[in-house]
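Comments concern the structure below.
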Amino acid sequence: MPFLGSPLFTDADGDKLHEECGVFGVVGGRDAAAIVALGLHALQHRGQEAVGITSFDGLEFYSRRGIGHVAQNFSSGPAIAELPGIMASGHVRYSTTGGSGLRNVQPLFADLATGGFAIAHNGNISNAMHLKRDLVRRGAIFQSTSDTEVIIHLVATSRYPTLLDKLVDALRMVEGAYSLICMTNHGMIACRDPLGIRPLVMGRMGDSVIFSSETVGLDIVGADFVREVEPGELIQVSLDGTVTTHRPFGAQKARPCIFEYVYFSRPDSVMEGRSVYAARKAIGVQLAMESPANADLVVPVPDSGTPAAIGYAEQSRLPFELGIIRSHYVGRTFIQPSDGARNADVKRKHNANRAIVQGKRIVLIDDSIVRGTTSLKIVQMMRDAGASEVHMRIASPPTSHSCFYGVDTPERSKLLAARMDVAAMAEFIQADSLAFVSIDGLYRAVGEANRDAACPQFCDACFSGEYPTRLTDVGERDVPAQLAFPVDKVA
Ligand code: AMP
């Protein structure tokens, strides 16, 4: 759900588009909006800038949106009381450094010829600018700068008679990643793009049907997991609870995002039958086998490096210690727009546990290096606290390419791994050694023999540069045919 700055559709901050989101919906039962607020609370890690909930009481749609966290906007009785009804959907959105404002907060809503239509989107439409330009030429007037609104205009102008057919017609024109929760006067439609790039699961709680980006959303409301919404599937739930499924796009090989396992999903979520926590721990095991280090302690960069560090410590038979303590009152480091603010944020977030690291050779484990800001600061922090050697191990291959499918990464020129090989990166972050897990090691950790034999083969474009869809808006210029650097390690 990125932003299409108008009129030239350029990104407002000159950096890459920012888009990370979580979606949640419920049909049936009382207090639908309260259930959605709870579900969104469990999905807060997917987006902390803004939140919105839309409900339907059988006659009218109601909406409430706010900037900030779910708890800041929806913890009070009066806030929820503004959202009556037996059906509701909601959305949490990640930080943007421009183009924000309430008009972009989802669910977006429009009155169409077929009735009300609310839409909440996780993902990124990779031809949204192209489609928007065309729609504007034909007279469409956009209310927001969000790519999701493109879907509304395509639905509104479709010549098919029913809302479902209009939506399918619209989605046929859309490229990229989308997990959608839509509401109409007749019920809810949840769907996933044909490659299933972003996650979406279905659950049940009594007579209510629930959709959530991750299973943690089901856990928090006490719902049972039913199944994943399949790639390319649309699941329609009428207001009386009747469920019908549609697969209009034919069979395609799924390409779910492997970065959900590395960083994005909560570790207590289960995706495609795999525990995210177990996958992260297994990445640590692979990393220890591929890149051992002569060290005294394994120290995670909390929280994102913790499960992999546990796996690394187990495999290498080194003690696991909390050599860095994290403040839980600071959001994710990416939230800060400028490099200066980001640097300060790393320090506010992490502090060295001097008593543990002093005089020790440590292996530091983090999930990824993006710009290198965090690693540089943390390595320095460990040295300042008296660590005698700092060996950095990363629980993903080098992030050498931007994501265009809904994970917030900077433009390619700002990715450390796009500018440097591993030896130069080690020097940049001032580590005694640096190693990344191999791409095959990552696939092994999620239960596959290797990348080529994997079924499904995940979307690993951020590591491989192989994008599974066309990237119309990006243009050929930015889509490299091969890896910038081999995915390997130097110890
Ligand atoms: P950097 O400091 O730019 O190298 O970013 C790396 C840090 O950001 C790591 O500690 C990751 O846990 C975290 N990270 C990686 N990818 C993302 C993302 N898409 N959004 C927010 N944080 C991220």
remark   = Computed from the beta carbon distance with a Förster radius of 60 Å, FRET efficiency for D165 and V330 to the nearest 0.05 stands at 0.80
key: Listed residue (T215, A279, A454) projecting farthest to the positive dipole end of the chain, Cβ model   = A279
request  = Rounded, prolate or oblate: pick one for segment 275-445, where a ≥ b ≥ c are the square roots of the eigenvalues of its C-alpha gyration tensor, a/c under 1.5 means rounded, and failing that, prolate if a/b is larger than b/c, else oblate.
outcome  = rounded
query = Roughly speaking, what is the centre-to-centre gap between segment 183-255 and segment 106-153 when only Cα atoms are used, to the nearest Å?
reply = 21
task = Highest first, please rank the peptides 204-213, 278-287 by the mean number of other Cβ atoms sitting within 10 Å of their residues.
result = 278-287, 204-213
task = May I ask you to compute the full-extension gain from N450 to A424, defined as 0.36 nm times their residue separation minus their alpha-carbon distance, rounded to one decimal in nm?
result = 6.6 nm
request  = Give me the distance in nm between label points sitting 7 Å out from Cα along the Cα-to-Cβ direction at S413 and R227, one decimal.
outcome  = 4.8
key: Distance between modelled label sites at D384 and A81, nm, 7 Å Cα→Cβ extension   = 5.0
query = What is the packing order of peptides 251-257, 322-328, taking the mean over residues of other C-beta atoms within 10 Å and listing the highest first?
reply = 251-257, 322-328
ask   = Once a ≥ b ≥ c are taken as the square roots of the eigenvalues of the Cα gyration tensor of segment 103-144, is the result rounded (a/c under 1.5), prolate (a/b larger than b/c) or oblate (a/b not larger than b/c)?
value = oblate
note = Helix 306-316 sits off the longest principal axis of the Cα atoms of the chain, rounded to the nearest 10 on a 0 to 90 degree scale, by 40
inquiry  = For the chain, what does the helix formula give at 222 nm: sum of -39500 (n - 2.57) over DSSP H segments with n ≥ 4, over the residue count, nearest 500 deg cm²/dmol?
reply    = -7500 deg cm²/dmol
message = 7 Å from Cα along Cα→Cβ at both E466 and A110: what's the point-to-point distance in nm?
response = 3.7
ask   = How much length is gained on full extension from R348 to Q72, taking 0.36 nm per residue of separation minus their Cα-Cα distance?
value = 97.2 nm
ask   = So for segment 275-445, taking the charge dipole from beta-carbon charges (+1 Lys/Arg, -1 Asp/Glu), which of Y405, H350, P292 sits furthest toward the positive end?
value = H350
request  = Would you mind working out the magnitude of the charge dipole of the chain relative to its Cα centre, with +1 at each Lys and Arg C-beta and -1 at each Asp and Glu C-beta, to the nearest 20 Debye?
outcome  = 540
task = For a quick protection proxy, order the peptides 405-417, 126-138 by their average other-Cβ count within 10 Å, most packed first.
result = 405-417, 126-138
ask   = Lys/Arg Cβ at +1, Asp/Glu Cβ at -1, dipole of the chain taken about the Cα centre: which of A50, L471, L239 is farthest positive-ward?
value = A50
message = Once you order the gyration tensor axes a ≥ b ≥ c over the Cα atoms, which shape class does segment 77-180 get: rounded for a/c under 1.5, otherwise prolate or oblate by comparing a/b with b/c?
response = oblate
request  = Return one number: the angle in degrees, 0 to 90 and rounded to the nearest 10, between the long axis of the Cα atoms of helix 148-157 and the longest principal axis of the Cα atoms of the chain.
outcome  = 30
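Bear in mind these aren't lab numbers, they're just calculated from the coordinates by the rules spelled out. Everything numeric in this text was worked out from a predicted model, so none of it was measured. Every residue, glycine as well, gets a Cβ built from its backbone with ideal geometry; the counts of neighbours run over all protein chains shown.
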